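Novice: Pasting in a structure now, in structure tokens, and then I'll have a few things to ask.
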Amino acid sequence: MTRQALIIVDVQNDFLPGGSLAAPHGDEIIPVINKLLDKNRDKKLFSLIIATQDWHPENHESFKTLWPVHCVQHSHGAELAQNLNHSKIDKIIHKGQNPEIDSYSAFFDNNHQQKTELDEYLKKNDITDVYILGLVTDYCVKFSVLDAISLGYKTYLIEDGCRGVNLKPGDDQKAIDEMKNQGAVIIQSSSLLKTRI
């Protein structure tokens with residue numbers, strides 16, 4: 001039996017316009033997500049709604065090298081976007097808590113040494129298919145999708161529910177191509193919104 005989960009990746013203030021590591025137009029995905037959450041009344045579209053949060057300690061190693069300070073635990077920047085419909089979220093998964101290593105993926109740290117609780121939570125709830133969207137396409141979304149595929153989930157990327165940070169122009173499209181090549185099914189939210197439930 002197929003059971004589906006929606007995974008909302010890192011829709012946090014620091015990744016939105018005005019945040020310290022903003023994805024251009026990142027706020028445009030919030031209405032897309034909220035429409036899906038509204039469509040999911042009575043759990044007929046998704047059995048579970050999960051959100052992830054980058055949840056870094058103040059001394060996180062990546063702040064010294066690659067990224068500006070962002071999503072520090074308990075800060076305003078780490079909070080989920082205020083206009084995201086929080087009431088429909090069943091579970092929040094924190095990632096990136098180890099100060100020594102980053103964790104782009106919702107499932108593992110970047111060295112695949114430690115897992116978050118996400119895989120165990122999905123398996124405990126008999127989830128077979130995951131639908132992933134959020135911020136940002138070229139990092140946390142991409143690595144979450146690739147890890148979901150490697151863990152055996154049928155994995156869908158909801159393309160219009162993502163935005164990239166694009167450190168290099170076109171990084172977001174390269175990421176989408178890589179996800180597709182590894183087995184992700186690329187869809188638009190409209191195909192889910194048309195589903196009869």
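Just so it is clear, none of the values below were taken in a lab; they were calculated from the coordinates. Predicted, not measured: the structure shown is a model, and the values here were computed from it. Cβ coordinates were reconstructed from backbone atoms using ideal geometry, including for glycine residues, and neighbour counts include every protein chain displayed.
Novice: How much net charge surrounds residue 25 when only the other residues with a Cβ under 12 Å from the Cβ of residue 25 are counted, with Lys and Arg +1 and Asp and Glu -1? Walk me through the numbers before you get to the answer.
Specialist: Values: positive: 163; negative: 27, 28, 160, 172.
Combined, the nearby Lys, Arg, Asp and Glu give -3.
Novice: Would you compute, from DSSP H runs of 4+ residues alone, the mean residue ellipticity of the chain at 222 nm, taking -39500 (n - 2.57) per run and dividing by the full residue count, rounded to the nearest 500? Please list the in-between numbers first.
Specialist: Values: 5 runs with 43 residues, N = 197.
Counting only the DSSP helices, I get -6000 deg cm²/dmol.
Novice: Near residue 40, within a Cβ-to-Cβ distance under 12 Å, what is the net charge of the other residues, with Lys and Arg +1 and Asp and Glu -1?
Specialist: Details: positive: 35, 39, 41, 43, 44, 88; negative: 38, 42, 90.
Spelling it out: positives minus negatives among the neighbours equals +3.
Novice: Sort the stretch 110-197 into rounded, prolate or oblate with this rule: let a ≥ b ≥ c be the square roots of the eigenvalues of the Cα gyration tensor; rounded if a/c is under 1.5, and if a/c is not under 1.5, prolate when a/b is larger than b/c, oblate otherwise.
Specialist: Details: a/c = 1.98, a/b = 1.09, b/c = 1.81.
It comes out oblate by the Cα gyration axes.
Novice: Could you list 70, 94 in order of exposure, starting from the residue whose Cβ has the fewest other Cβ atoms within 10 Å? Let's see the in-between values first.
Specialist: Values: 70 23, 94 17.
Arranged by neighbour count, lowest to highest, 70, 94 become 94, 70.
Novice: Report for the stretch 4-193 the percent antiparallel among DSSP-assigned beta bridges with both residues inside it, nearest 5.
Specialist: On the way: 2 of 28 bridges.
Around 5 percent of the beta bridges assigned by DSSP in the stretch 4-193 are antiparallel ones.
Novice: Give me the net charge of residue 99's neighbourhood, meaning all other residues with Cβ under 14 Å from the Cβ of residue 99; Lys, Arg count +1, Asp, Glu -1. List each step's numbers first, then the result.
Specialist: Working: positive: 64, 95; negative: 54, 58, 61, 100, 102, 109.
Its environment carries a net charge of -4.
Novice: Now for a different question. Determine the shape class of the stretch 4-193: with a ≥ b ≥ c the square roots of the Cα gyration tensor eigenvalues, call it rounded for a/c under 1.5, and otherwise prolate if a/b is greater than b/c, oblate otherwise.
Specialist: Values: a/c = 1.33, a/b = 1.28, b/c = 1.04.
Since a/c stays below 1.5, the shape of the stretch 4-193 is classed as rounded.
Novice: Under the classification rounded if a/c is under 1.5, otherwise prolate if a/b is larger than b/c and oblate if not, where does the stretch 63-175 fall, given a ≥ b ≥ c as square roots of the Cα gyration tensor eigenvalues? Don't skip to the answer; put the middle values down first.
Specialist: Working: a/c = 1.26, a/b = 1.18, b/c = 1.07.
Rounded shape, in that the Cα axes give a/c under 1.5.
Novice: Which residue, chosen from 157, 1, 114, occupies the Cα position most advanced towards the positive end of the dipole of the chain, where the dipole is computed from +1 (Lys, Arg) and -1 (Asp, Glu) charges on Cβ about the Cα centre?
Specialist: 1
Novice: Among 126, 27, which comes first, then next, by fewest other beta-carbon atoms within 10 Å?
Specialist: Values: 126 11, 27 19.
Arranged by neighbour count, lowest to highest, 126, 27 become 126, 27.
Novice: Additional query: Name the trypsin sites (Lys or Arg not before Pro) in the stretch 101-197 that are in a loop by DSSP and that have at most 10 other C-beta atoms within 10 Å, would you? Provide the component values of the computation, followed by the final result.
Specialist: Values: sites: 115, 123, 124, 142, 154, 163, 174, 180, 194, 196; in loops: 194, 196.
Counting only loop positions with at most 10 other Cβ atoms within 10 Å, the trypsin sites (Lys or Arg not before Pro) in the stretch 101-197 are 194, 196.
Novice: Taking R0 as 41 Å, what's the FRET efficiency between residue 25 and residue 125 from their Cβ-Cβ distance, rounded to 0.05? List each step's numbers first, then the result.
Specialist: Numbers: r = 33 Å, r/R0 = 0.80.
For residue 25 and residue 125, the calculated efficiency is 0.80.
Novice: For the stretch 129-189 and the stretch 83-97, write down the distance between their C-alpha centroids in whole Å.
Specialist: 19
Novice: Take 120, 159, 61 and order them by how many other Cβ atoms sit within 10 Å, fewest up front.
Specialist: Values: 120 10, 159 18, 61 15.
Ascending number of Cβ neighbours within 10 Å: 120, 61, 159.
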